[in-house]
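Notes to accompany the following structure.
The values are calculated or read from the model by the stated rules, or taken from the named source; none is laboratory data. All of these numbers come straight from a predicted model, not from anything done at the bench. Glycine also receives a Cβ, built like all others from the backbone with ideal geometry; neighbour counts cover every protein chain displayed.
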């Protein structure tokens, strides 16, 4: 058999050879450092046999920043965590432990609760394992063998996983610990140079609130200590920027158990919210969008027609009306916009029709997944639906990508894209999906946008481009989405009269660029660490009168700068205390007004401590550029 290497050369191997055999054939150093095989975008354990003609890339410990190489390191670290917990806590039941974006976790049912203070003890046991050294051995066994093994070990969660498993059953053993696992894993524990357990959380078995609540231990691991130190420093900075803490400190919003997942916006928070809404409206106006407003509540038949009832009902809120008719709060704007388009006859000359709506949506997110503004039940999207002919698709998508870049540049964030293709559960024909997927991919290539393909992650009605932004800490966030949909207009029977005097179905492009405004606000708070740019700051200028005799002049100056958001702090506190409070509130400009100040000479302090004495006219010129 032959396999194809990254330089397109072929490597001849015996039939049944594994990835590790391929690495050995290339060289002993590569075999020693190999951690993973990547093939056609998928990862494969080194111990698994290769196929004739298979393209392969062997990842090694040198690929320490590669997401797949990190994932296998972290997955193996999760197994070390499980081994350590079993040694330290007899009677613990072990659930699942995958790698995740920034580390790994493992879920356990402990005989007695543990606390954050217990993590160093568990971490020390993992370090002992690393000192002893571990190797991972892979076996394939029958479901009956696996079930019997885990029954004897009194591991009910593993037994349940075996009962619901599809395909071959594989197990991995390191030390005296065996786990049900698909892999892949490292050859041995030598590449794990740095590991840290970071936190505890509760997690329901299989994400179902009706099941047992387990204890989830989070951790992370790296190929070098320097990488771990850099990550922990970033984590500490992220804690300082936590939008939930800053939201309270800056008096922007709060959350309440009286309405879980639904923020209460304070006046200062609404200043930022309205600034984003003003930006959305002005940019939409430039691009030919029409503002609309549609109902919050629809009958079930509407959701049957749109496909949401069959494909999304677990995330919807249902209500019973007085006459016992069952209705639901809208989780998305698209059904309402379909009904709006279908309310009158349309001609090809009317298209494209661009509806924009910033409306309240409700989605029944599980309580355990709610997280500040980043995961909420009450959602407001900068939503739009554009109805087009097939000939107009490319121009509209181009316009949306340009629109997205304009918005993201405004916030100093870099955009990248993810192309999500057809899921198993979907509407429409393969031919329609072929056309839709190709249209989105061609647009990304025309704009030279960096993108990855996520097979099977599209919506049930069409493929999509998900837009991601990277913040000042280098963290990626999914923001906007552009979805191309042939199905929903057909489901609603929408048509327009073409130039050939025949009826045609329009195509609809679903578009949200900031995404959930709640989520975007949370990201902005952390991105700026609460120190918003001048145009977004809730209070842009604060005037501090030195004494009671200067209050009238301070009020007059506030009025002179009335086009900006200006307040006067005339509390009976020292000037130093009031300046410090302004710094804590992250106000961009502070003007201290005393005996020597006048319109020709103002004592101005910028956020961060920079000071200058300038006249009002020059200050106005400076502010106009911000």
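From the list 428, 498, the one residue that fits, being over 30 Å from residue 374 (Cβ atoms), touching a helix residue (DSSP H, G or I) at 6+ places or on another chain (Cβ under 6 Å), surrounded by fewer than 21 Cβ atoms within 10 Å (Cβ to Cβ) and at pLDDT below 90, is 428.
If you go through the stretch 432-441 one residue at a time, do you hit one that is under 30 Å from residue 473 (Cα atoms) and surrounded by fewer than 19 Cβ atoms within 10 Å (Cβ to Cβ)?
yes
From the list 562, 609, the one residue that fits, being within 41 Å of the chain's Cα centre (by Cα), closer than 16 Å to residue 271 by Cα and surrounded by fewer than 14 Cβ atoms within 10 Å (Cβ to Cβ), is 562. Screening 121, 134 for residues that are in contact (Cβ under 8 Å) with a residue 24 or more places away in the chain, farther than 30 Å from residue 371 by Cα and over 28 Å from the mean Cα position of the chain (by Cα) leaves exactly one candidate, 134. Got at least one residue in the stretch 224-232 being more than 15 Å from residue 76 (Cα to Cα) and modelled with pLDDT under 90? No, because not a single residue in the stretch 224-232 is more than 15 Å from residue 76 (Cα to Cα) and modelled with pLDDT under 90.
Of all residues in the stretch 89-108, none satisfies being surrounded by 15 or more Cβ atoms within 10 Å (Cβ to Cβ), without any contact (Cβ under 8 Å) to a residue 60 or more places away in the chain and more than 23 Å from residue 155 (Cβ to Cβ). For the condition free of Cβ contacts under 8 Å to residues at least 12 places away in the same chain, surrounded by 13 or more Cβ atoms within 10 Å (Cβ to Cβ) and within 24 Å of residue 407 (Cα to Cα), what is the one hit in 332, 270? Testing whether each residue is free of Cβ contacts under 8 Å to residues at least 12 places away in the same chain, surrounded by 13 or more Cβ atoms within 10 Å (Cβ to Cβ) and within 24 Å of residue 407 (Cα to Cα) leaves just 270.
Highlighted here are the strands (runs of 3 or more DSSP E) found entirely within the stretch 277-386 that include at least 1 residues which are farther than 27 Å from residue 506 by Cα, outside the structural domain of residue 204 (by TED's automatic domain parsing) and modelled with pLDDT under 95: 318-320, 326-329, 360-362.
Scanning the stretch 442-452 for residues that are surrounded by 14 or more Cβ atoms within 10 Å (Cβ to Cβ) and within 20 Å of the chain's Cα centre (by Cα) turns up 449, 451.
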